Structure formats: C-alpha cells, structure tokens
Amino acid sequence: MKFLRPYIPLLLASLLLFVGNGTLSTAIPLRGKFENFSDQVIGLIGSGYYAGMLVGSILLPWLVTRFGAVLAFSICAAVGALAGILVPVWADPPFWFLLRFAIGISLTGVYVIIEGWLNGRATARDRGLLLGFYSVVQYCSWALGNQVIKVSVPQAWTLFIIAAAAIALAGIPLWFMREPPPEQDVSQASSHPLAPVIQAAKSLTWFWRVSPVGFVGALLIGTLNGPMWALTPVYAREVGMQTNEISNLMSALMFGSAAMQVPAGFLSDRFDRRSVLVVLCALSAALELVFFFYGASLPVLTIYALGFVLGGFMATPYYVVSAHSVDRAGESRAVDVMAVLVLLYGIGAVAGPNIAPQMMAWLGPSGVFLFEALLHIAIIGFTLWQMSRRTAPIPQESQPVPPPI
C-alpha cells in the first residue's frame, strides 16, 4: 500500500478529529442528562451541530479561497477545540446550542479540507480506494472516541479536555504533508459580507452542470442515511427487540459500513463509478425490501447478518459519488466539490428523519425501509438516465473545469 504513504498525515489528522468529535457527541448528551436537561432539550442542542454543518459547508470555500487551506484548517480546529472545552463552563441550553453550532461549523470545515486535499491529490486510478481507507479511519476513530467516554465521568472536565486536545492537535500532522493542498483561485476572493452565500449559490449551479449524478446522489443519500441511523433503533424497538439486541444491530450496521469501504472504492477505480453506484443502490434496495416485508419475522441472528451487509451497501455510495464528482470537476475544484456535497448531504440528512416517520405512521415501523428502498431506486433511475446521456468522465488531471462565473 505504498500509495497511502503520502497521505498518512491527513489520515492521522482525520483520526484525531473524529476521536475528538466522537467523544463530544457522546459526552455532551450525557452531561446534559446530569444537568437534568430534558430529552427534547438535548435533542435540540444536538441539532445545533447539523445546523452548523450546513453553515460550515457554505463558509468553508470562501474561507479557503481567502486564507488558504492550512490557515483555514487551523482556524476551524481552534474554534472547534475552544467550543468543546467551554461546554462544562456554563450549563445553559442556549449556550450549549451555540457551542454545538460552532463545533458543527468548524469540524465540517476541517473535514471538507481533508477530503478536498485527498481528492485533489489522488488520481482517477486510486481516488476511490483512497477514500475507502479514509472512510475506514473515520468509522474506527469515531468508535474509539466513544470508548474514550470510559476514561472519566461526564460530570468532570476530563472528557472535554481530551476531546478539545485531540481536535487542536489535528493540525500538526498537516505540517508533515509533502503534497501541498490543491491550489485555489484566490482571484475570486471577495470581502463582500454576503460573499460566502453568493459563492455557495454559484457553486450549486455549477455543480449541477458538472455532475448531476453527484448532485442528486448526495442529496438523496443524505435523505436516506439520516433515517438509517436515527430511526433504525425505533424500528427495532417497535418490532420487539431488546436494548442489547438493538445495540448489536446498530453495531452490525456500523461494522458493515467500515468493512465495505475499501472493496467498493477499489471497484469504483476499476469500473465506471456510476455503474458501481447503481449496483450498490440495487443491493441496498433489495435488502431494505427484505426488511420491509419480512424483518419482523426473521431470527435475530439473521437480522444482525442482514444489518451488517446493508450497512456496507448503504454507507459506500457517498464516497463513490464523491470520487465521481471530482473526476468530473477536476482536482483543482476538489474543496469546492466536497463543500457542495456536504451541503447537499446535510440538507438531506435534516429532511430525511422528518419525512420517513410519515411512512412509519402509514405502514408501521418497517415503513422506514420502504422509504429508503424507494430513494435508492430513485438514485438508480436517475443514474441510468444520466449514463444514457453522458459517457463516463475523462480523468481531469489535465482538464480542470473552469470555476463558475
């Protein structure tokens, strides 16, 4: 795996960031329960992260264009670390919401920079495989962050100090990167107060022209992945699974998500990425229909096995879409591509958990799987339509698409 060596600093930075964010994502709700916040208040505080994610995806391209990738990374990491360590200072829901909002903005920023750096320096021959390894690091470090909770109790400062330190230290590995970040067109930097919003709107229009499959894919993948993580526990509880069984099912989904990333990335480098996307979505839809029709009557061990496989098929299309989009746009626009993908995915992730419960109300708890299957089928239909209209993208190392005007 010699091709990974130049990217080890970026992967190490990713590990530190996801450990820190994973720790905060668990420690903040636990600390909220200690402070006697209601479940509704804790949920609202958590939504601040996703609101920040959407804002961060809008601000980040402008920030990188104006200050450069390394300085923008340092700014985002510093804000995220500061917000994390301030949580125990004052147990006030609006204050915590603002902190989670700031964490969402800052960590989305550093994720976009890292993913843009990886995409921008990879080639069309190994981009999918590289993103697969990055995704494995993402899932494993997130799980490690949740294990950090065992170090101390959420009533103390310890967990928040560890999380903030991990986020703050994430900038150090970047100084050991031999490959510089993708060049940005600084001539487009603007001091206009609405410059980030204007740039985001232009980027959305540009991205639709460059990669319709990436546009629709990211939006719908976010819409169906949100309910997978948010509502699968609800489904499991409604069909009679016990708490430990629900935990095992969610773990199976997580482990399956990590296990399939590298194989899917490898295949997407060898074949038209859109074909790989269609196959992954078709397999996901088939398994979701099994859950919809037969899930409640299946043995628990069978459910675990199907959950493992479904997790792998559902979690991989996003990075296949990501690699395809950079193939279309060119490496010089990798950061812009990742920011638009995060914005579209975030919109879907916010909408999905609010739409899917309607299917559950009409059809019972298994309705969430029919909802996901229909969206996967929609991705298949749109992708096949695009494949009939446009050939596979030519590697863009020497043919970058000009930025939107």
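At-a-glance table
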item: Table column - 3J(HN,Hα) (Hz), the stretch 329-341, Karplus curve with 6.51, -1.76, 1.60, x for Gly and Pro; result: 7, x, 4, 5, 10, 4, 5, 4, 4, 5, 5, 5, 4
item: Within the stretch 309-337, backbone nitrogen closer than 19 Å to the virtual label 7 Å beyond the Cα of Val239 toward Cβ; result: 309-315
item: Correct choice for Cα extents along the principal axes in Å that was computed from the model, options [x] 135, 67, 32; [y] 58, 55, 42; [z] 89, 54, 46; result: [y]
item: Relative contact order [Cα under 8 Å, 6+ residues apart], the chain, whole percent; result: 25
item: Separation of the Phe34 and Val300 label points, Cα + 7 Å toward Cβ, nm; result: 3.2
item: Net charge contributed by nearby residues that have their C-beta within less than 15 Å of Ala27 (K/R +1, D/E -1); result: +3
item: Cβ-derived FRET efficiency at R0 45 Å, Phe176 paired with Gln155, nearest 0.05; result: 0.75
item: Unit charges at the beta carbon, dipole of the stretch 218-333: most positive-side option, Tyr294, Ser325, Ile246; result: Ser325
item: Those trypsin sites (Lys or Arg not before Pro) in the stretch 74-140 that DSSP places in a loop and that have at most 16 other beta carbons within 10 Å; result: Arg125
item: Whole-Å semi-axes of the stretch 194-392's equivalent ellipsoid (Cα gyration tensor); result: 31, 18, 15
item: Normalised per residue, the volume of the convex hull around the Cα set of the stretch 7-163 (Å³); result: 106
item: Modelled FRET efficiency - R0 41 Å, Leu86 with Ala143, Cβ distances, 0.05 increments; result: 0.95
item: Selected from Leu280, Pro357, Ala378, residue furthest toward positive end of dipole (the stretch 262-405; charges at beta carbon); result: Ala378
item: Per-residue ³J(HN,Hα) for the stretch 137-151, Karplus 6.51 cos²θ - 1.76 cosθ + 1.60, θ = phi - 60°, Hz, x for Gly and Pro; result: 4, 4, 5, 5, 6, 5, 5, 5, x, 5, 6, 4, 4, 6, 5
item: Within the chain, longest stretch clear of exposed chymotrypsin sites (Phe, Trp or Tyr not before Pro) (DSSP loop, no more than 16 other Cβ within 10 Å); result: 272-405
item: Sorted by Cβ neighbour density within 10 Å, fewest at the top, the residues Met228, Met177; result: Met177, Met228
item: For the stretch 209-237 versus the stretch 1-30, the gap between their alpha-carbon centres in whole angstrom; result: 23
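Where a number appears in this text, it was derived from the coordinates with a stated rule and is not lab data. Quick caveat: nothing in here was measured; it's all calculated off a predicted structure. Cβ sites come from the backbone with ideal geometry, for glycine too, and all protein chains shown count toward neighbours.
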